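For reference, the structure is listed below as structure tokens.
Just so you know, all these numbers are worked out from the coordinates, no wet-lab data involved. Please read all numbers here as calculations on a predicted model, not as lab measurements. Cβ sites come from the backbone with ideal geometry, for glycine too, and all protein chains shown count toward neighbours.
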Amino acid sequence: MLTVYRVRVATTKFQYFETDEAEFLESLWLSIHGTEIGADWIAPSVYIFKPKKREGHFVGFLGGRVFAITQEVIDASPSLRSFFEQSGELLPFTYNKREFYVFNCLNCIEALDAKNAQMSATGTTVDSYSFVPTRFQFTLFAIPQSNELLCVEGMSAPADEFKGYVEQQKLTGLMFEKLWSEGE
């Protein structure tokens with residue numbers, strides 16, 4: 001049975017990056033998760049908004065929808081690099097002489113089940129999720145109807161999927177909000 005989750009950063013418990021560059025914020029919200037940024041990436045000047053909170057393995061980047069991760073965490077958890085490479089791109093930036101990467105999901109698929117999902121009255125957000133199970137290829141994905149990072153579990157062994165791997169390795173900083181289960 002497949003289950004889809006929204007991947008969020010636990011900003012109430014862990015540190016996260018913010019910027020004072022308003023133009024960057026606007027362009028990031030319009031392009032993240034679904035659009036390749038690649039060579040056009042220019043890292044903004046960032047700061048830790050609440051430095052007294054703990055640093056998670058995943059650090060929020062300009063709110064709770066996008067995360068950054070250090071080179072040290074990637075080196076210590078090599079499967080993470082595989083998840084990121086098959087589904088997106090890692091956009092580098094430096095903070096306090098440490099290398100971080102923002103994950104941008106490029107695996108944007110038309111997986112929303114148009115017959116059973118419900119859109120808002122304005123058609124700009126998804127109110128109720130339903131997915132076509134045969135359309136998933138990788139555990140991390142986005143859909144064109146929202147620029148949120150999503151993940152699916154149930155395609156293979158839990159340790160071979162992003163959510164299961166994060167939980168098995170006890171990596172901190174993320175939350176998984178259940179959106180849909182096959183057959184429910």
Most exposed first by the Cβ proxy, i.e. fewest other Cβ within 10 Å, how do 57, 33 rank?
57, 33
With the cut-off at 30 Å, report for the chain the share of all Cα pairs above it, as a whole percent.
17
Relative to 2.2 N^0.38 Å, what does the C-alpha radius of gyration of the stretch 12-67 come to as a ratio? Two decimals please.
1.17
Karplus 3J(HN,Hα) series, Hz, for the stretch 164-169 with 6.51 cos²θ - 1.76 cosθ + 1.60 (x for Gly, Pro)
x, 5, 4, 5, 4, 7
Show me, for the stretch 67-78, the HN-Hα J-couplings you get by feeding each phi into the Karplus relation (A = 6.51, B = -1.76, C = 1.60, θ = phi - 60°), rounded to Hz, glycine and proline as x.
10, 10, 9, 7, 4, 4, 5, 4, 5, 7, 10, x
Using modelled amide H (1.01 Å from N, peptide plane; none on Pro or chain starts), what sits under 5 Å from the amide H of residue 88, excluding residues fewer than 5 places away?
106
For the stretch 143-156, what does the Karplus curve 6.51 cos²θ - 1.76 cosθ + 1.60, with θ = phi - 60°, yield as ³J(HN,Hα) per residue in whole Hz, taken in order and with x for Gly and Pro?
10, x, 6, 8, 9, 9, 7, 10, 9, 10, 10, x, 7, 7
Note on the stretch 14-105: contact order normalised by length, alpha-carbon pairs under 8 Å, 6 or more apart, percent, works out to 33
Search the structure for amide H atoms under 5 Å from the amide H of residue 95, placed 1.01 Å from N in the peptide plane, and list their residues when 5 or more places away or on another chain.
100
Once amide H atoms are placed 1.01 Å from N in the peptide plane, what residues at a sequence separation of 5 or more from residue 56, or on another chain, have their amide H within under 5 Å of its amide H?
15
